[in-house]
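Quick notes on the structure that follows.
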Amino acid sequence: MSTAREAAFEVINRASTTKSYANILLPKVLRLGNLSAVDRGLATQLAYGVLRNKGTLDWIIGQYSDIVIKKINIKMLDILRLGAYQIYYLDKVPDHAAVNESVELSKKYFQQKKNHNFVNAVLRAISKNKKKIKFTPLKSDFANYLSVRYSHPRWMIDLMLKQYNKRTAEAICKANNRTPQLSLTVNTIRISPEALFKNLKKKGYEASVSKVSTDSILLSKAGDVSKVFGYKEGLFFAQDESANLVAHVVGAEKGQRVIDCCAAPGGKTVHMAALMKNKGYIFASDISGARLALLDNLRDRLNVRNVILLTIDARRLIKYVKRTVDKILVDAPCSGLGTLARRADERWHKSYEQIQKLSKLQFEILDSLTTLVKKKGSLIYSVCTYTKEETEDVCKKFLEAHPEFKVENIKPYLPTGIKANSDYGIQLLPHHYQSDGMFIARFIKEKK
């Protein structure tokens, strides 16, 4: 049996039983597995593919199993999901191989022959009928169609349809299921975007220029980012092209004083530092010291020298910072629903209750920072999601509580072609550019 499938199964099953995240589990499993580059790639594809499409796979399995999904042993169900994924989604894996290796995997965990026969029967039935599997949208329950067809929790679909029309909701779901490219933000302290792009092309990378940001480069089939040309030299860092817009909207200039109050793991912080040419100061705070350590390592690799770290809850910054600053970035903790393409199993860890709690926290952070912004200074709010509760509702509540702030025109900070499409700034949805969803608002302090 391919060790790639065993590695993928271990990630899938541990994610199912411990609620751990695949992006944390997978590197650990791959390091211990001593797999070839090809098998590492297959294991990654299988693990992320199964976890991303778990809802659809369960629906397919349910059509051909005489045992209801909820009553199938979780290890058995994960074996079926792994086999069904290969049969339904992968063209290069022969169906008989997917069936046989799934049966062999069942033998590793279950002694009774009836269990092996069950796996064999269900997967053979799926293989035989896979061309007949159809997802038909019903006018009476379009939400269920989207949930099953695109493997999203039902509550998430209901939320989308509450905010957007059917066409937009389906487009978001499709974009969430894409395999994203690796997005690099160029470290302009050390190299220009044009020069890095030329070097990557010379090295044989499938590189393209971002349509969203002027200093982002996209790579296809790049693999481990730490192995990409220029990584060790600090020529770039990994950051989605939508997230790349945030530092540009902040618009921090050389010599200014800036606060990034939810800074870790640090992509937006070091990007601002690069745009400031290492001149001025950025006070980068985060409640997590462990996550700030990632920012510490990142600034060293990129040769960033104007970032000062502080481990503290953003809501308590007023007690430690005694001078007003030019710009404050609140890249707030959020539901992250705009990042589901890059985080295969994230959708299964979310809930609407979390969104409500986060909305409250987001307002509290903004509310606590107002006196630290100097007159004519700017407060920038960003979240990588699209829920009304975490975007426009937070902005509306903030402006009602603080009439000294007004919405500032965001257009001058956006690249050509990107339009301010919200009353407060910009809302990029995942399907707009096949990048992360991102909301950015900018407020100017007109009075003390």
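The values are calculated or read from the model by the stated rules, or taken from the named source; none is laboratory data. Keep in mind that what you see is a predicted model, and the values were worked out from it rather than measured. Cβ coordinates were reconstructed from backbone atoms using ideal geometry, including for glycine residues, and neighbour counts include every protein chain displayed.
A few notes on this one:
- Residue selected from the stretch 214-230 under the condition in a loop (DSSP other than H, G, I, E, B) and touching a residue at least 12 places away in the same chain (Cβ under 8 Å), by the criterion farthest from residue 416 (Cα to Cα): 223
- Filtering 185, 179 for residues that are within 19 Å of the chain's Cα centre (by Cα), within 23 Å of residue 244 (Cβ to Cβ), touching a residue at least 40 places away in the same chain (Cβ under 8 Å) and assigned to a loop (DSSP other than H, G, I, E, B) leaves a single hit, 179.
- Number of residues in the stretch 133-166 that are among the β-branched types (Val, Ile, Thr) and free of Cβ contacts under 8 Å to residues at least 12 places away in the same chain: the value is 1.
- Odd one out for residue 69 among (1) over 17 Å from residue 103 (Cα atoms); (2) surrounded by 18 or more Cβ atoms within 10 Å (Cβ to Cβ): (2)
- Considering residues of the stretch 270-308 that are in contact (Cβ under 8 Å) with a residue 60 or more places away in the chain and not in a loop (DSSP other than H, G, I, E, B) only, the residue nearest to residue 240 (Cα to Cα): 271
- Number of residues in the stretch 253-281 that are farther than 17 Å from residue 332 by Cβ, touching an Asp or Glu at 6+ places or on another chain (Cβ under 7 Å) and buried (at least 22 other Cβ atoms within 10 Å of the Cβ): the value is 1.
- In summary, residue 140 fulfils each of the numbered conditions (1) of a type outside the set (Asp, Glu); (2) within 29 Å of residue 221 (Cα to Cα); (3) surrounded by fewer than 18 Cβ atoms within 10 Å (Cβ to Cβ) with the single exception of condition (2).
- Residue within the stretch 335-352 that is in contact with a strand residue (DSSP E or B) (Cβ under 8 Å, 6 or more places away or on another chain), under 17 Å from residue 286 (Cα atoms) and either hydroxyl-bearing (Ser, Thr, Tyr) or touching a residue at least 40 places away in the same chain (Cβ under 8 Å) (or both) present: no
- Residues that are modelled with pLDDT of 95 or more and touching a Leu at 6+ places or on another chain (Cβ under 8 Å), drawn from the stretch 224-240: 228, 229, 230, 234, 235, 236, 237, 238, 239
- Look at (1) of a type in the set (Val, Ile, Thr); (2) surrounded by 18 or more Cβ atoms within 10 Å (Cβ to Cβ); (3) under 27 Å from residue 351 (Cα atoms) and you find that residue 24 fails only one, number (2).
- Any hit, the stretch 151-162, residues being buried (at least 16 other Cβ atoms within 10 Å of the Cβ), among the polar types (S, T, N, Q) and in contact with a helix residue (DSSP H, G or I) (Cβ under 8 Å, 6 or more places away or on another chain): yes
- Residue 46 vs. criteria surrounded by fewer than 22 Cβ atoms within 10 Å (Cβ to Cβ) and under 30 Å from residue 222 (Cα atoms): no
- Some residue of the stretch 309-330 being surrounded by 19 or more Cβ atoms within 10 Å (Cβ to Cβ), within 22 Å of the chain's Cα centre (by Cα) and not in a loop (DSSP other than H, G, I, E, B): yes
- Residue list for the stretch 378-397, filter: of a type in the set (A, V, I, L, M, F, W, C) and not in a strand (DSSP E or B): 384, 394, 395
- Residue 81 satisfies every condition listed in (1) farther than 16 Å from residue 58 by Cα; (2) out of contact with any His (no Cβ under 8 Å at 6 or more places or on another chain) except (1).
- Answer residue from the stretch 87-137, given it is surrounded by fewer than 14 Cβ atoms within 10 Å (Cβ to Cβ) and among the β-branched types (Val, Ile, Thr) and is modelled with the lowest pLDDT among those: 136
- Verdict on residue 376 being over 23 Å from residue 209 (Cβ atoms), under 25 Å from the mean Cα position of the chain (by Cα), among the basic types (Lys, Arg) and not assigned by TED's automatic domain parsing to the domain that holds residue 167: no
- Filtering 254, 277, 268, 221 for residues that are on the phi > 0 side of the Ramachandran plot and assigned by TED's automatic domain parsing to the domain that holds residue 309 leaves a single hit, 277.
- Hits in the stretch 48-66 - residues which are of a type outside the set (S, T, N, Q) and within 18 Å of residue 129 (Cβ to Cβ): 57, 58, 59, 60, 61, 62, 64, 66
- Selection within the stretch 435-448: residues that are surrounded by fewer than 17 Cβ atoms within 10 Å (Cβ to Cβ) and part of a loop (DSSP other than H, G, I, E, B). The member of this set that is modelled with the highest pLDDT is 446.
- Per the conditions (1) surrounded by 21 or more Cβ atoms within 10 Å (Cβ to Cβ); (2) hydroxyl-bearing (Ser, Thr, Tyr); (3) under 30 Å from residue 55 (Cα atoms), the sole criterion not satisfied by residue 378 is (3).
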